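Peer 1: What follows is a structure written as structure tokens; I'll ask about it next.
The values are calculated or read from the model by the stated rules, or taken from the named source; none is laboratory data. Predicted, not measured: the structure shown is a model, and the values here were computed from it. Cβ: placed from backbone, ideal geometry, glycine included. Neighbour counts: every protein chain shown. SASA here: full protein model, heavy atoms, side chains in, ligands and nucleic acids out. Shrake-Rupley method; radii C 1.70, N 1.55, O 1.52, S 1.80 Å.
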Amino acid sequence: MTSSAKGPSVLIVGTGFGGIGTAIELKRAGLTDFTILESAAEPGGVWRDNTYPGAACDIPSPLYSYSFEPNPRWPKRFSHQPDILAYLRGVIAKYGLEPHIRYGAEVTEAVFDDGVWRVATKSGETYEANVFVPAVGQLSRPVLPTIPGRDRFAGAAFHSARWDHDVDLRGKRVAVIGTGASAVQFVPEVRKQAERVTVFQRTPPYVLAKSDPAYRGWQHWLFEHLPPTQLLGRLRIFLLAEYATYAMTRHPVLAKMFELRTAQLRRRHIKDPALRAKLTPEYPLGCKRILFTNDYLPALAQPNVDVETARISEITEKGVRTEDGVEHEVDVIVYGTGFAATDFLAPVKVRGPGGRSLQDAWSGGARAYLGITVPGFPNLFCVYGPNTNLGAGSIIYMLERQARYIRQAVERLSRPGVSALDVLPEVEQRYDDEVQARLGHSVWSACTSWYRQADGRVTTNWPGLVTEYDRRTKRFDVADYRVVG
């Protein structure tokens, strides 16, 4: 791939919402010289990979969808994985992106050399393009805990993001390690099959109920024939998310109101005072991800579910041993232990001019101007990069803004005499100083979570409202860049 009359050539990595959204943004602008590299045999990103029982989105579907492609036929407000995956694949088909996708292309290295990005894949193929757009996300690489003896367990064991559907859980004793966003969805489903479920909890999450009605036929008709009705619903959800973000970042009193609602929910579903105490967080609301579920707390109150808060000391051949010396014998272990959210772009090796390593540049923590561009790495534009995650709201809103910004950069590169754009170090430094200062005073710096590195730096989250991010990414300002002719 080289620069052509259709604009600079672009390599996008990933077929999740970020990669597909960027491809559509380019195509709608007439920039059609792009290729999408996908490591799997099918598109879909995390919605292809996460097939655990009960897998669903915790953001209402009218907002968790592209603004330019509303779906009037969502079956319910909080859609499940098969419906979200079907939506994304339908969008790919509608916009004719299949010819642009190369499946089985797992990227291992990307090197900028002589004005061109050369991208190598595991299969030995090499692609070249003027612009490199990794859209691999923050929540795509499952993490297994470093617990001693993990490989000794004689039964079935797997991560929730790589669910083993060949394992029959009926009548089994199941250990669930972790209580994050995935666990609160699959634990209620596993409990219905298993003889016994033991949930090993390190810290309890804040849980809020969700209003999740099924859409009826008349509502589908209304959304399809009178689109503003669905748009109003989207706007309402958007404003609620902005309100929640404002409460967490700027107004502790408002956050306290949410905290009281979570306590009310625990009292309603958990009658046992000892269990309720185990499930009561002791950190500020929002510091860890707030979880929306109607089934998790009632599931924990069932007689075949135990919540174990003693720390795990090791995995044995028969099960899980905790620090109090008790060995919990189980048949299956499910790890709901999250993702390598702060290891951006890993394990891909990225090198800029002169062989400079992006991993070395990010040795103190990933950072990028607007979460998109990195000094010393020309024509590299990240999607869902550092400090673009949200504590509340739809990440797709953020992805669309990033796609818009990248499209403007590619248009600039289409101009005669412009071969590369490299964000100025002082621009990125000023931006990073501001973002980290704001995050340092936010709730996300108040406890240990996947939002933070071990040294306390928050590399994942955006510190403000999404409307602010929209404003700051609305126009590509070439003055922020060193332009190479």
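Peer 1: What lysines sit close enough to Lys474 to cross-link, taking a C-alpha to C-alpha distance under 19 Å and skipping anything fewer than 8 places away on the same chain?
Peer 2: Counting by Cα, and skipping residues close in sequence, Lys474 has these lysines nearby: Lys27.
Peer 1: Write down the Kirkwood hydrodynamic radius of segment 80-218, to one decimal in angstroms, obtained as one divided by the mean of 1/r over all alpha carbon pairs.
Peer 2: 19.8 Å
Peer 1: Could you let me know the centre-to-centre spacing of segment 48-78 and segment 221-267, using Cα atoms, in angstrom?
Peer 2: Result: 16 Å between the Cα centres.
Peer 1: Just the number: Rg to Rh for segment 65-151, Cα atoms, Kirkwood Rh, two decimals.
Peer 2: Looking at segment 65-151, the ratio lands at 1.09.
Peer 1: Tell me which cysteines of the chain come out unpaired when the rule is another cysteine's Cβ under 4.7 Å.
Peer 2: Cys57, Cys382
Peer 1: Can you give me the Cα centroid spacing of segment 178-209 and segment 329-350 in angstrom?
Peer 2: One Cα centre to the other: 18 Å.
Peer 1: If you don't mind, another one. Rounded to the nearest 5, what % of the DSSP beta bridges within the chain are antiparallel ones?
Peer 2: 45 percent
Peer 1: Also, I was wondering about something else. Order these peptides, 390-400, 93-103, 32-42, by their mean beta-carbon neighbour count within 10 angstrom, highest first. Present the calculation step by step, with values, prior to reporting the outcome.
Peer 2: On the way: 390-400: 21.2, 93-103: 13.8, 32-42: 18.4.
For the peptides 390-400, 93-103, 32-42, the packing ranking is 390-400, 32-42, 93-103.
Peer 1: Percent of alpha carbon pairs in segment 319-436 separated by more than 17 Å?
Peer 2: Roughly 66 percent, once rounded to a whole number.
Peer 1: Mind checking the alpha-carbon convex hull of segment 203-246 and giving the volume per residue in Å³?
Peer 2: Enclosed volume per residue, from the Cα hull, is 84 Å³.
Peer 1: What does the accessible area of His165 come to, in Å² to the nearest 10, when a probe of 1.4 Å is used?
Peer 2: 110 Å²
Peer 1: Hey, any idea what % of the chain's accessible area is carbon plus sulfur with a 1.4 Å probe?
Peer 2: Carbon with sulfur: 52 percent of the solvent-accessible area.
Peer 1: Further question on the same structure: Considering only Thr121, Leu37, Gln138, whose Cα is most displaced toward the positive end of the charge dipole of the chain, charges sitting on Cβ of Lys, Arg (+1) and Asp, Glu (-1)?
Peer 2: Gln138
Peer 1: Find the Cα radius of gyration of segment 408-471, compare it with 2.2 N^0.38 Å by division, and give the number to two decimals.
Peer 2: 1.50
Peer 1: Against the empirical 2.2 N^0.38 Å scaling, what ratio does the C-alpha Rg of the chain come to? The partial results should precede the final answer.
Peer 2: Working: Rg = 23.0 Å, N = 485, 2.2 N^0.38 = 23.1 Å.
Compactness ratio reported: 1.00.
Peer 1: Given a 1.4 angstrom probe, what's the average accessible area per residue across the chain, in square angstrom?
Peer 2: 43 Å²
Peer 1: Let me ask you something else. So, in segment 209-334, how many Lys pairs have Cα atoms under 28 Å apart, if the pair is 8 or more places apart or on different chains?
Peer 2: Summing the qualifying lysine pairs gives 10.
Peer 1: Another question, then. Would you mind giving the average projected area, over all directions, of the Cα convex hull of segment 1-126 in nm² with one decimal?
Peer 2: 8.7 nm²
Peer 1: Quick one: order Ser414, Ser442, Ser363 from most to least accessible surface, probe 1.4 Å.
Peer 2: Ser363, Ser414, Ser442
Peer 1: Could you rank Trp362, Trp450 by how accessible they are, 1.4 Å probe, largest area first?
Peer 2: These residues rank, largest area first, as Trp450, Trp362.
Peer 1: Would you mind giving the average projected area, over all directions, of the Cα convex hull of segment 141-287 in nm² with one decimal? Please report the intermediate quantities before stating the final value.
Peer 2: On the way: hull surface 52.7 nm².
Over every viewing direction, the Cα hull of segment 141-287 projects on average to 13.2 nm².
Peer 1: Summing -39500 (n - 2.57) over the DSSP H runs of n ≥ 4 in the chain and dividing by its residue number, what mean residue ellipticity at 222 nm do you reach, to the nearest 500 deg cm²/dmol? Write down the numbers at each step before the final one.
Peer 2: Working: 13 runs with 148 residues, N = 485.
Helix-only estimate at 222 nm: -9500 deg cm²/dmol.
Peer 1: Report the gain in length on full extension from Lys94 to Asp151: 0.36 nm times residue separation, minus Cα-Cα distance, nm rounded to one decimal.
Peer 2: Extra length from Lys94 to Asp151 when fully extended: 16.0 nm.
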